[in-house]
Amino acid sequence: MKKQELEKLFMDCDRLKELCEQMHHCRPCGSGNSSDKPKARLARAPRDAQTPEPSPDDIRYNRGFLGVPYKKADLFRSGMSAEEQLRDAVEQYRKEPSAKGAILIEMAINRIGISGRTDREIDGLVEEAKKLLAEKRKRKGKGGFQGDNVTGTIYQHSDFNGASMFLNLSVGGLLTGFVNLSWYNFNDRVSSAEHSASPDEVGGRLFLFQTDRFRDRYVKLDANGGDNPRLSSLGSFMNDRTSSVLIYRKSLNEVVQSLGNLVSPGQITAAISLQEKLSPRGDPILTWDLFPDGKDGHPNETGKMYVYVRIPVEVEVNNWFNYDAEIRFWIYLYVTQDGRLNAWPEYYGAWVEGGILTDDILAELMGEEGIVTSLPQVIGLLGAATTLANLGGPYSSVYLLPGRNEDRGNTDDDVTVVLVEGMPGPPGPIL
C-alpha cells in the first residue's frame with residue numbers, strides 16, 4: 001500500500017491538528033492538499049566570503065573546452081536536400097575551414113545516415129566529407145585551425161549495418177554529444193558502434209548511455225592514437241537501449257581518478273548529520289549532471305558539468321509516517337588561470353516523496369535551518385580534496401567521465417575526475 005493511501009486511511013482531525021502544530025503549519029481537516037507525486041526544489045548556494053568561487057573569466061575559460069551538445073535544429077536545413085546540404089557544407093569548408101563549418105558537414109552526414117539511404121555516389125560523398133574533416137588545415141592568414149581526428153559512429157543494426165549517426169569533435173574541444181537521440185528518431189535503435197582516433201591524436205573515448213542526458217547504464221569504446229575499436233554487437237546489456245551519446249578527446253598527461261576513492265561515503269553522510277530528524281537511507285550516490293537544462297529540479301546550466309551528490313535520507317515525523325527524501329548537491333569543478341583546481345558547491349536541493357506533508361517537509365529542508373546549514377561541512381570536505389589534488393598541479397583543464405570509466409557500468413556507480421597536467425592555455429571556441 002502506498003504512503004498516500006496509508007495516510008488517508010489513518011488520518012483524523014485530532015491527529016492531523018497535532019501534527020500541523022509540530023510542523024508549524026496549519027491546514028484544514030479534509031482539505032485534500034496531499035500530493036500524490038514526489039517534489040523537488042533547487043537553490044543556488046549562498047556566497048561565502050571565506051571560500052573562493054569561480055569568476056566569470058574562470059567560467060568562460062573552463063567552458064571553452066566543452067563542446068555544446070547538438071540540438072535537433074543543428075541537423076536539419078529546410079529547403080535543401082541532405083546531399084545538397086553536404087555538398088554545400090563541403091564547398092564552404094574547403095574555402096574557409098572552421099569549427100562551425102565542421103559541424104555543418106557532420107550534421108549533413110547524419111541527415112543521410114539517419115535516412116538509411118545508400119548508393120555508390122552518396123557513400124563516396126560521405127567518405128570524402130569525413131576525410132576532409134580529418135585533414136590538418138590552417139586558415140589563410142589567421143592560423144590556429146586544425147582539423148578533427150576523433151570520431152564515432154553508431155549503427156541501427158549489428159555488424160555496422162542500417163541507419164547510422166556520426167560524431168566528430170569540434171576543433172579544440174574535449175567533448176560533445178547527442179543529449180537525446182529521440183530528437184533524431186534514433187532512440188533505442190543502436191546495436192553496434194565504432195570509434196577512431198588518428199595516429200597524431202592522443203586518443204578518444206566514446207560513451208553510449210541508456211537514457212537521455214547521459215545517465216544510467218553505459219558502454220565505452222576507448223581508443224589510443226591510431227586505434228579503431230569496434231563493437232559489432234552491444235549485447236543484451238545495451239542493445240536497442242541507447243538514448244544519448246558522448247565523444248571525448250584525450251589529452252596528454254591526464255590524471256584519472258574515481259571520486260569514490262578520494263571521498264568516503266561516511267564523510268559525505270556526516271555533512272548532513274547535524275540536521276535533526278534526518279537519518280541515512282543508504283549510501284550517498286556520487287554521479288554527474290552534464291549540461292543540465294533546468295528540468296526536474298536540476299540547474300539550468302547547459303554549458304557546465306557537475307559532480308552530482310545525492311544523499312538518500314529518511315525524515316522523521318513525530319506521530320506520523322516517516323518520509324523518504326534525498327539531499328542533493330551540485331559541485332562545479334574548475335581550473336583557475338594559475339592552474340589550480342577548485343570545487344564550488346554551486347547548487348543544493350532536495351527531493352521528497354509524495355504524501356500529505358510533502359510540501360511542508362520540502363520547505364523545511366530548503367529553509368534557513370535545513371540543508372544550507374550543512375554547506376560549510378561540504379565546502380570543508382571539498383577544500384581538503386582539492387588541496388590534496390593541487391599537490392600534483394598545475395592543471396590546464398578538468399573534466400568528468402561517467403561512473404568508474406569502465407568498459408561498461410552505470411552513472412550511479414561513481415564519477416571519475418580527469419585532471420590534465422600543465423599550465424592553462426587558450427581554450428577551444430565557445431560555439
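The values are calculated or read from the model by the stated rules, or taken from the named source; none is laboratory data. Predicted model, so just to flag it, every value in this text is computed and none were measured. All Cβ positions, glycine included, derive from the backbone under ideal geometry; neighbour counts span all protein chains shown. We work out accessible area using only protein heavy atoms, side chains counted, and drop any ligands, DNA or RNA first. Shrake-Rupley method; radii C 1.70, N 1.55, O 1.52, S 1.80 Å.
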Go through (1) assigned to a loop (DSSP other than H, G, I, E, B); (2) within 30 Å of Ser55 (Cα to Cα) for Trp320 and report which single condition fails. (2)
Please work out which residue is most open to solvent (accessible area, probe 1.4 Å), limiting yourself to the range 185-207 and to residues that are among the polar types (S, T, N, Q) and on the phi < 0 side of the Ramachandran plot. Asn187
Could you tell me which numbered condition Tyr218 fails, if it satisfies all but one of (1) modelled with pLDDT under 95; (2) surrounded by 14 or more Cβ atoms within 10 Å (Cβ to Cβ); (3) not polar (S, T, N, Q)? (1)
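For Glu316, are the conditions met, namely being over 25 Å from Glu364 (Cα atoms), open to solvent by 20 Å² or more (accessible area, probe 1.4 Å) and charged (D, E, K, R)?
Numbers: over 25 Å from Glu364 (Cα atoms): no; open to solvent by 20 Å² or more (accessible area, probe 1.4 Å): yes; charged (D, E, K, R): yes.
So Glu316 does not fit the description; no.
Name the residue, out of Ser243, Ser232, that is small (Gly, Ala, Ser), at pLDDT 95 or above and surrounded by 20 or more Cβ atoms within 10 Å (Cβ to Cβ).
Working: Ser232 fails: surrounded by 20 or more Cβ atoms within 10 Å (Cβ to Cβ).
It is Ser243.
Conditions tested, residue by residue: (1) modelled with pLDDT under 90; (2) within 30 Å of Tyr399 (Cβ to Cβ); (3) open to solvent by 50 Å² or more (accessible area, probe 1.4 Å).
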residue	(1), (2), (3)
Leu66	yes, yes, no
Pro69	yes, yes, no
Leu75	yes, yes, no
Met80	yes, no, yes
Gln85	yes, no, no
Lys95	yes, no, yes
Ile103	yes, yes, no
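Kindly indicate whether any position in the range 212-221 is at positive phi, under 19 Å from the mean Cα position of the chain (by Cα) and outside any loop (DSSP other than H, G, I, E, B).
As a first pass, look at the range 212-221 and keep what is at positive phi: 213-214, 216.
Now restrict to residues that are under 19 Å from the mean Cα position of the chain (by Cα): 213-214, 216.
Going one step further and asking which of them are outside any loop (DSSP other than H, G, I, E, B), we end up with 216.
So far as the range 212-221 goes, yes, one or more of its residues are at positive phi, under 19 Å from the mean Cα position of the chain (by Cα) and outside any loop (DSSP other than H, G, I, E, B).
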Condition first: of a type in the set (Val, Ile, Thr) and over 18 Å from the mean Cα position of the chain (by Cα). Can you find one or more residues in the range 233-252 that meet it? no
